[in-house]
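Beneath this line is the structure, given in structure tokens, with notes to follow.
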Amino acid sequence: MLNFWKDIQYAFRTLTKNPGFAIIGIVTLALGMAANTTIFSVVNGLILRPMAVPHPDQMTVLALQQAGTTGLQTFSYPDFLDLRRESASTADLFTYRVSLAGLSVEGKGDHCVISRVSNNYFSALGIAPAVGRLILPTEGITPGSDPIIVLGYSYWQKRFAGDPGVVGKHVEMNGHPATIVGVTPKGFYGTYAMLNMDAYVPLSATFTEELGTPVNDTWTKREMRRLTVLARLKPGVDLQQARASLNVVAKRLSEQHPDIDKDISVLVFPEKLARPEPDSDNSLPTVAFIFIALSSLVLLVACFNVANVLLVRATVRQREMAIRAAMGAGRGRLVRQYLTESLLLALLGGGAGLLLASWASGFLSSLSLGTSLPIQFDFHPDSRVYLFAFAAIFLTGLIVGIVPALRIARTDVSAILHEGGRGSSDGPRRQFARNTLVAAQVAGSLVLLVVAGLFVRSLGKAQNINLGFDPDQILNLSADVSGLGYSEARGREFYRDLDTRIRALPGVVSEAQAFTVPLGYISADDVVTIPGHPDEPGKQPPSIENNSVTPGYFQTLRMPLLRGRDFTEADGPKAPQVAVISEAMAKKLWPAEDALGKIFFIKDDTKKPIEVIGVIQDAKYRDITEEPRPIFYQPLAQNYVPMRTIHIRTSVPPESLAVQVEQQINELAPGLAVSEVQDMRHALQGANGFFFYSFGAQVTAVLGLLGLILAVVGIYSVVSYAAARRTQEIGIRIAMGAAPGDILRMVLRQGLSVVGIGLALGLAISLVGTRVLNGFFVGIKPSDPVTFVAVVLLLTAIALIACWIPARRATRIDPLVALRHE
């Protein structure tokens, strides 16, 4: 330990005597470590950090799969009860459903995201309240009973300033009386990943039922599969055992209810791999691996850069090490000393990188997805991140120092002391080692730049996709009159008056109202049946997305009507039910017929036939890369909803009308919360729009830029060092008549040959490696020739400049000065 402490002291003195080298090494490694640790912090926050409950490793998420259907399904309440009652492998099963609600407190309304939860939700999670109590296992069993609310911790802080006196307070949710009974603990955000729930209510709370859904349907109909089910496994039970046990129950249900549950099975996912929802083709782990690999490549390029500099220093320090060896220092002692220096350098660079990563992680945690929904990103470092960082620091120190250390160990003491430490150039093996590291840097930089180029090109293609509507010059805002407890009649009156006021504002071209927004976070769907087209026995009829809109909606969003007519004011509550459908829905349900005039029903309600009066062009609804999706539109006059998004097409900058529109709303309904006030172009930057393409392009661009900078520094340093070591040779060549152009070509040839090898290696790796990214690009292939050619030309041009500067300096060597120096 005494020798180790002496090694550290000596390493520190060595670095302080060479501040230029120390600063370059620390900054280089800090950039690499910052990129690596930041990406790992994001991955940790998304899929590695366990849920904030006791024994989180026991938490699993269930999904229903039915033979002959695509995708996974959620559960009905009757099926959930049967699985909960009969499963032998789980300690408990519990369920929830995310909903929207209006919460009114003392006349001030607010729009909330809530979880409707089963009576055993909190007891199965095993968490304790911060204030008051949580929903008890004896509550929430009978429809209409227990109108109570548990607030989320963050919402309690935001809305009630953390006042513990809120417990017992009487409020209104969706216009119905309810009582706040408690607050969830700090750090618990709910069970839907990345959403920080505002409140929790029992499933029995009928004031949060979906509009148009009879109260008893949720509790009795097996076809109402709307509940997400989680299970806490018994100690010692693994996923395979749990799945086998649950599928015994599923098989029995399939036999008992062949009309609905035919050929069903249950899949069991670890909670970490079911975020935000269970998916057999979950790409999140793949994306995480790709970005960790890219950030590791940046760190590796940084390591190669510093290792190259250390190799140069090893050559310069040969005489020092030879003298130490001659005085009795063994090879192991010399290697340990050199590794101590590299580890100290890595520790300093890693510490600086960790500080940068902490700032970057905090910045990423504060990112907005263009919505007022309580999105929760928590990428701040924790114990896993710190452990990862220290492991990376240790490996970095070894990678940086091992080659120079071994070079020191192989030093010929006698030869060095007899040479006096001088030489005009390094041996072939030393040049080969440095050139190899430079070629590796160039290859790594090319891979990073290719991936960045592909993501940037993909973002450009995505932004030019035909969305099926025109998002320019549109102001969006959302309001929910249920937060003030408005009745349907009063709500209709409010929105009608608001429509009149908005249309009268200067700069307004048109205005329309709708329940959902294209590429937004809220959607609605209904089970659709067609007369004369019986569904396959045991299989559910198709569930199709829908939206409720006012007349003028299609004109406001400029969605082309292909056939039929638009909604009019005549399509009121007492008029026959009508719908405008997308072209994809027409092709799906009536593939060989004209859909106009056809009839369909929703929710098996044969008393309300809906007639197709128009066919609209397909548009993007949930994802900009999706295939044409079936959807139908109904008039809001025939399908009232209290929460609406208002679209305003303007002839002036949309944001300039925001204050005036909010003023009109405040005059009509004081205390009504207004949210999502933004132009539609900005709204499209959310998670269902361009966010992930933009985020991927920005992150990979930063990683590519770092790799490029490090590679250029490496190229410049090696060519510059090689030219400096050949000063005597160059002086002799000039003295014997060599022209400056000859010297320039000689030095450039040496540098560019190494760059060429690196480019070839990088191209080979890129062509193979980018195939993994095939599903993440829009409009381009992983082997996109434009990207590859542009990156190669860019890297070649910059490498040429990096080689030209020291080459140009070499042509100006004074032969007399060079020979006198030698």
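The values are calculated or read from the model by the stated rules, or taken from the named source; none is laboratory data. Everything numeric in this text was worked out from a predicted model, so none of it was measured. When we count neighbours, we look across all protein chains shown, and the Cβ atoms used for this are built from the backbone with ideal geometry, even at glycine. Just so you know, the surface numbers come from the protein's heavy atoms only, side chains and all, with ligands and any DNA or RNA stripped out. Shrake-Rupley method; radii C 1.70, N 1.55, O 1.52, S 1.80 Å.
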Open item on the list: With unit charges on the beta carbons (Lys and Arg positive, Asp and Glu negative) and the dipole taken about the Cα centre of the chain, which residue among Val450, Tyr633, Gly485 sits farthest to the positive side?
Closed with: Val450
Open item on the list: I need the shape label for the stretch 88-133. Rule: rounded when a/c is under 1.5, else prolate if a/b > b/c, else oblate, with a, b, c from the alpha carbon gyration tensor.
Closed with: oblate
Open item on the list: How much length would be gained if the chain were fully extended between Ile801 and Arg558, taking 0.36 nm per residue of separation minus their Cα-Cα distance, in nm to one decimal?
Closed with: 82.4 nm
Open item on the list: What does the net charge come to around Ile8 if you take all other residues with beta carbon closer than 13 Å to its beta carbon, with K and R at +1 and D and E at -1?
Closed with: +1
- [ ] Give, rounded to the nearest 20 debye, the magnitude of the charge dipole that the chain has about its Cα centre when Lys and Arg contribute +1 at Cβ and Asp and Glu contribute -1 at Cβ.
- [x] 4520 debye
Open item on the list: Starting from 0.36 nm per residue, how many nanometres of slack lie between Ile24 and Ile530 once their C-alpha separation is accounted for?
Closed with: 175.0 nm
TODO: Output the peptides 291-301, 483-493, 589-599 sorted from most to least packed, where packing is the average of other Cβ atoms within 10 Å over each peptide's residues.
DONE: 291-301, 483-493, 589-599
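Indicate the gyration tensor shape class of the chain (rounded, prolate or oblate), computed on the Cα atoms with a ≥ b ≥ c the square roots of the eigenvalues: a/c under 1.5 is rounded; otherwise a/b larger than b/c is prolate and the rest oblate. Present the calculation step by step, with values, prior to reporting the outcome.
On the way: a/c = 2.51, a/b = 1.97, b/c = 1.27.
Prolate is the answer for the chain, as a/c is 1.5 or above and a/b outweighs b/c.
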- [ ] Give the residue from Ser254, Ile610, Ala242 lying farthest towards the positive end of the charge dipole for the chain; charges sit on Cβ (+1 for Lys and Arg, -1 for Asp and Glu) and the dipole is referred to the Cα centre.
- [x] Ala242
- [ ] Round to the nearest 10 and report in Å² the accessible area of Ile765, as given by a 1.4 Å probe over the protein chains' heavy atoms.
- [x] 80 Å²
Open item on the list: Between Glu662 and Arg384, what is the label-point separation in nm under the 7 Å Cα-to-beta-carbon projection?
Closed with: 3.8 nm
Task: Span-like helix ranges in the chain, DSSP H, alpha carbon extent 18 angstrom or more, Kyte mean at least 0.0 - done: 19-43, 284-316, 331-365, 383-409, 428-463, 691-725, 740-769, 785-810
Task: Placed amide H near Ser510: partners under 5 Å, 5+ positions off or other chain - done: Arg649
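Note down the relative contact order for the chain as a percent, whole number, built from C-alpha pairs under 8 angstrom at least six residues apart. Can you show the working numbers first?
Values: 1519 pairs, mean separation 136.1, N = 822.
RCO, the chain: 17 percent.
Per residue, how much space in cubic angstrom lies within the convex hull of the C-alpha atoms of the stretch 150-304? Walk me through the intermediate numbers first.
Values: hull volume 33.1 nm³, N = 155.
Per-residue hull volume (Cα only) is 213 Å³.
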- [ ] Tell me what the chain gives for mean residue ellipticity at 222 nm when only DSSP H runs of n ≥ 4 count, each as -39,500 (n - 2.57), the sum divided by the residue total, rounded to 500 deg cm²/dmol.
- [x] -15500 deg cm²/dmol
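Give, as a single signed number, the net charge of other residues whose beta carbon lies under 14 Å from the beta carbon of Gly152, with Lys and Arg counted +1 and Asp and Glu -1. Could you put the intermediate results ahead of the total?
Details: positive: Arg116, Lys158, Arg159, Lys186; negative: Asp110, Asp198.
Net charge around Gly152: +2.
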- [ ] Using a 1.4 angstrom probe, figure out how much accessible area the stretch 40-86 has per residue, in square angstrom, rounded to the nearest whole.
- [x] 38 Å²
Task: Pairwise FRET efficiency - Ile732 versus Ser694, Cβ, R0 = 41 Å, nearest 0.05 - done: 0.10
TODO: Return the tail of the calculated pair distribution for the stretch 440-515, meaning the percent of Cα-Cα pairs more than 16 Å apart.
DONE: 71 percent
Task: Segments 646-652, 577-583 sorted - mean Cβ within 10 Å per residue, highest first - done: 577-583, 646-652
TODO: First measure r as the distance between the Cβ atoms of Phe432 and Lys781, then evaluate 1/(1 + (r/R0)^6) with R0 = 51 Å and state the FRET efficiency to the nearest 0.05.
DONE: 0.90
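Give me the number: length gained by fully extending Asp57 to Ser280, i.e. 0.36 nm times residue separation minus the C-alpha to C-alpha distance, one decimal in nm.
Values: separation 223, 0.36 × 223 = 80.28 nm, distance 1.98 nm.
Result for the pair: 78.3 nm of gain on full extension.
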TODO: Rank these residues by their accessible area, most exposed first, probe 1.4 Å: Lys272, Lys574, Lys587, Lys607.
DONE: Lys574, Lys607, Lys587, Lys272
TODO: Please give the per residue accessible area of the stretch 588-731, computed with a probe of 1.4 Å over protein heavy atoms only, in Å².
DONE: 40 Å²
- [ ] Starting with the highest mean, order 338-350, 167-179 by the number of other Cβ atoms within 10 Å, averaged over the residues of each peptide.
- [x] 338-350, 167-179
Task: Part-to-part distance (alpha-carbon centres) for the stretch 639-707 and the stretch 114-169, which is given in Å - done: 31 Å
TODO: For an R0 of 35 angstrom, estimate the FRET efficiency from the Cβ-Cβ distance between Asp470 and Ile765 and round to the nearest 0.05.
DONE: 0.25
Task: Accessible surface of the stretch 534-665, 1.4 Å probe, proportion on carbon and sulfur as whole % - done: 52 percent
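According to the square roots a ≥ b ≥ c of the eigenvalues of the Cα gyration tensor, what is the shape class of the stretch 149-210, taking rounded for a/c under 1.5, prolate for a/b larger than b/c otherwise, and oblate for the remainder?
Numbers: a/c = 2.09, a/b = 1.14, b/c = 1.83.
Cα axes put the stretch 149-210 in the oblate bin.
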Task: Karplus-derived 3J(HN,Hα), 6.51/-1.76/1.60, for each residue of the stretch 468-484, Hz, glycine and proline x - done: x, 8, 9, x, 6, 6, 10, 9, 10, 7, 10, 9, 9, 6, 5, x, 9
- [ ] Just name one of Ser76, Pro670, Phe690: the one whose Cα is farthest towards the positive end of the charge dipole of the chain (beta-carbon charges, Lys/Arg +1, Asp/Glu -1).
- [x] Phe690
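If you add up the charges near Val661, with Lys and Arg at +1 and Asp and Glu at -1, over every other residue whose beta carbon is less than 14 angstrom from its beta carbon, what do you get?
-4
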